[in-house]
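K.L.:
Here it is: the structure, laid out below.
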């Protein structure tokens, strides 16, 4: 891996920086667009002004194909190669530039391009790129999480439709989603990795019920979703009937490769180090000394995480497909995010138990320590990643 840009990469990096200087509004830096406001609800002048900022940002990205930079140009992307996309992502992360599209862009879109029909692409890709259609993922069930292939939500054919009954859980943003991409069992007699079909479901379909799940930080991202005689037309199947597992793992590959950013972790470490320096005289000497050594470890680990990211992009740039390498990066980065949160909570002492804007660092150590628990679960647990590393990376036998 050459860590220095070549001449063309340097020009491209400058182009991205110039774009951000011109088009990125300060008001939306380090933020995510809100999906919770109904388009029919009356908005305040402040909300309208904020929506204008988001729309101008979306238009600027869409005109260049930068909402989905690696997608083919015929589907609204920019057709970028791995290294150009990597540089774009680097500069966006450094500046806190928000990426648009949500789960539709990150997970479903690439799956549609790989496995969908032309009709399905024409129907759904424009809504993903416009940001007007939000998606959620119907994978996990109360008894099927890490062992996803054991899912029991059933889909039974009835003429040109399929009738779905069952339950999904931990469904992020289901309460504001317009559509759901989901897996259901269509052949209960087949081996568990077979007999599964990949469906696209309109969340307004009769029989769909969404119930909120409030997390430990009092946030509402997750939901339970219940399906009672929900009818889905056959045209909404992605790929082949009973072979949805293969399309589903494509979606998971994109999710896994997108979780965790070394740049964000480095920025978090820098922010905590700044606070430690500013409050050196306010802390007991032993607390300061312990925190200083702790953050030195975190800084080294951030550099390790960065090297793992470079390893993956160098493989992709050479036309190789990272497999166990992506699991190594996902495992290390998500566990590192928890160590960073723990270091912050320990640094501020008893304040680390409190999630309050009046607390040091605006209460983020307490909030982060609790919030980061889910990082090693989403996208495949740490145990799953270690199994992948052992079998696919090290060639160890399955037990």
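The values are calculated or read from the model by the stated rules, or taken from the named source; none is laboratory data. Everything quoted here is computed from the prediction, not taken from an experiment. Ideal geometry is used to build each Cβ from the backbone, glycine not excepted, and the neighbour counts take in all protein chains shown.
K.L.:
Quick one: would you say residue 112 is in a helix (DSSP H, G or I), out of contact with any helix residue (DSSP H, G or I) (no Cβ under 6 Å at 6 or more places or on another chain), surrounded by 14 or more Cβ atoms within 10 Å (Cβ to Cβ) and not assigned by TED's automatic domain parsing to the domain that holds residue 237? Give the derivation first.
P.N.:
Values: in a helix (DSSP H, G or I): yes; out of contact with any helix residue (DSSP H, G or I) (no Cβ under 6 Å at 6 or more places or on another chain): no; surrounded by 14 or more Cβ atoms within 10 Å (Cβ to Cβ): yes; not assigned by TED's automatic domain parsing to the domain that holds residue 237: yes.
Considered against the rule, which asks whether it is in a helix (DSSP H, G or I), out of contact with any helix residue (DSSP H, G or I) (no Cβ under 6 Å at 6 or more places or on another chain), surrounded by 14 or more Cβ atoms within 10 Å (Cβ to Cβ) and not assigned by TED's automatic domain parsing to the domain that holds residue 237, residue 112 comes out as no.
K.L.:
Please go through (1) at pLDDT below 90; (2) crowded, with 16+ Cβ neighbours inside 10 Å; (3) over 30 Å from residue 249 (Cα atoms) for residue 312 and return the number of the only condition it doesn't satisfy.
P.N.:
(3)
K.L.:
Let me ask something additional. Could you check residue 75 against (1) under 24 Å from residue 5 (Cα atoms); (2) in contact (Cβ under 8 Å) with a residue 40 or more places away in the chain; (3) surrounded by fewer than 20 Cβ atoms within 10 Å (Cβ to Cβ) and say which number it fails?
P.N.:
(1)
K.L.:
Determine which single condition residue 304 fails, assuming it passes every other condition in (1) touching a residue at least 40 places away in the same chain (Cβ under 8 Å); (2) out of contact with any helix residue (DSSP H, G or I) (no Cβ under 6 Å at 6 or more places or on another chain).
P.N.:
Residue 304 satisfies all of (1) touching a residue at least 40 places away in the same chain (Cβ under 8 Å); (2) out of contact with any helix residue (DSSP H, G or I) (no Cβ under 6 Å at 6 or more places or on another chain) except (1).
K.L.:
Additional query: Go through 119, 94, 50, 46 for me and flag whichever is outside the structural domain of residue 183 (by TED's automatic domain parsing) and without any contact (Cβ under 8 Å) to a residue 12 or more places away in the chain.
P.N.:
Details: 119 fails: without any contact (Cβ under 8 Å) to a residue 12 or more places away in the chain; 94 fails: without any contact (Cβ under 8 Å) to a residue 12 or more places away in the chain; 50 fails: without any contact (Cβ under 8 Å) to a residue 12 or more places away in the chain.
When all the criteria are applied, what remains is 46.
K.L.:
Right, here's the next one. Identify, from the list 165, 215, the residue that is within 24 Å of residue 331 (Cβ to Cβ) and either in a loop (DSSP other than H, G, I, E, B) or at pLDDT 95 or above (or both). Lay out the reasoning, then the answer.
P.N.:
Values: 165 fails: within 24 Å of residue 331 (Cβ to Cβ).
Going through 165, 215 in turn, just one is within 24 Å of residue 331 (Cβ to Cβ) and either in a loop (DSSP other than H, G, I, E, B) or at pLDDT 95 or above (or both): 215.
Each row is one residue, and each column tells you yes or no for (1) closer than 30 Å to residue 320 by Cβ; (2) within 17 Å of the chain's Cα centre (by Cα); (3) assigned to a helix (DSSP H, G or I).
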site	(1), (2), (3)
42	no, no, no
51	no, no, yes
67	yes, yes, no
84	yes, no, yes
94	yes, no, yes
99	yes, yes, no
104	yes, yes, yes
119	no, no, yes
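K.L.:
In this structure, is residue 311 assigned by TED's automatic domain parsing to the domain that holds residue 269, within 17 Å of residue 270 (Cβ to Cβ), in contact with a helix residue (DSSP H, G or I) (Cβ under 7 Å, 6 or more places away or on another chain) and in contact (Cβ under 8 Å) with a residue 40 or more places away in the chain?
P.N.:
Judged against the criteria, residue 311 is not a match.
K.L.:
Can you name the residue in the range 18-28 that is at pLDDT 95 or above and either in contact with a strand residue (DSSP E or B) (Cβ under 7 Å, 6 or more places away or on another chain) or loosely packed, with under 14 Cβ neighbours inside 10 Å (or both) and, of all such residues, is farthest from residue 57 (Cα to Cα)?
P.N.:
Once the filter is applied, the top-ranked residue is 18.
K.L.:
Can you list residue pairs whose Cβ atoms sit under 6 Å apart, with the first residue in the range 151-166 being at positive phi and the second being assigned to a loop (DSSP other than H, G, I, E, B)? Count only pairs 6 or more apart in sequence or on different chains.
P.N.:
166/153
K.L.:
Now for a separate question. Quick check: anything in the range 138-149 assigned to a helix (DSSP H, G or I), at negative phi and in the same structural domain as residue 209 (by TED's automatic domain parsing)? Before you say what the answer is, go through the steps one by one.
P.N.:
Going residue by residue through the range 138-149, those that are assigned to a helix (DSSP H, G or I) are 148-149.
Next, from what is left, pick out any that are at negative phi: 148-149.
From the residues that got through so far, the ones that are in the same structural domain as residue 209 (by TED's automatic domain parsing) too are 148-149.
Checked against the condition, which is being assigned to a helix (DSSP H, G or I), at negative phi and in the same structural domain as residue 209 (by TED's automatic domain parsing), the range 138-149 yields at least one hit.
K.L.:
Now for a separate question. Before we move on, is residue 117 buried (at least 19 other Cβ atoms within 10 Å of the Cβ) and either under 23 Å from residue 249 (Cβ atoms) or modelled with pLDDT of 90 or more (or both)?
P.N.:
Details: buried (at least 19 other Cβ atoms within 10 Å of the Cβ): no; either under 23 Å from residue 249 (Cβ atoms) or modelled with pLDDT of 90 or more (or both): yes.
No.
K.L.:
Would you please name the residue that is surrounded by the most Cβ atoms within 10 Å (Cβ to Cβ), looking only at residues in the range 168-199 that are closer than 29 Å to residue 33 by Cβ and either more than 19 Å from the chain's Cα centre (by Cα) or not assigned by TED's automatic domain parsing to the domain that holds residue 144 (or both)? Spell out how you get there, then give the answer.
P.N.:
The first filter runs over the range 168-199 and keeps only residues closer than 29 Å to residue 33 by Cβ, leaving 168-183, 198-199.
Next, only the ones that are either more than 19 Å from the chain's Cα centre (by Cα) or not assigned by TED's automatic domain parsing to the domain that holds residue 144 (or both) stay: 198-199.
Numbers: 198: 26, 199: 23.
Looking at the filtered set, the residue picked out is 198.
Matching residues to (1) in the same structural domain as residue 82 (by TED's automatic domain parsing); (2) within 23 Å of the chain's Cα centre (by Cα); (3) surrounded by fewer than 20 Cβ atoms within 10 Å (Cβ to Cβ); (4) not in a helix (DSSP H, G or I):
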{"residue": "273", "(1), (2), (3), (4)": "no, no, yes, no"}
{"residue": "277", "(1), (2), (3), (4)": "no, no, yes, no"}
{"residue": "299", "(1), (2), (3), (4)": "no, no, yes, no"}
{"residue": "321", "(1), (2), (3), (4)": "no, yes, yes, yes"}
{"residue": "342", "(1), (2), (3), (4)": "no, yes, yes, no"}
{"residue": "346", "(1), (2), (3), (4)": "no, no, yes, no"}
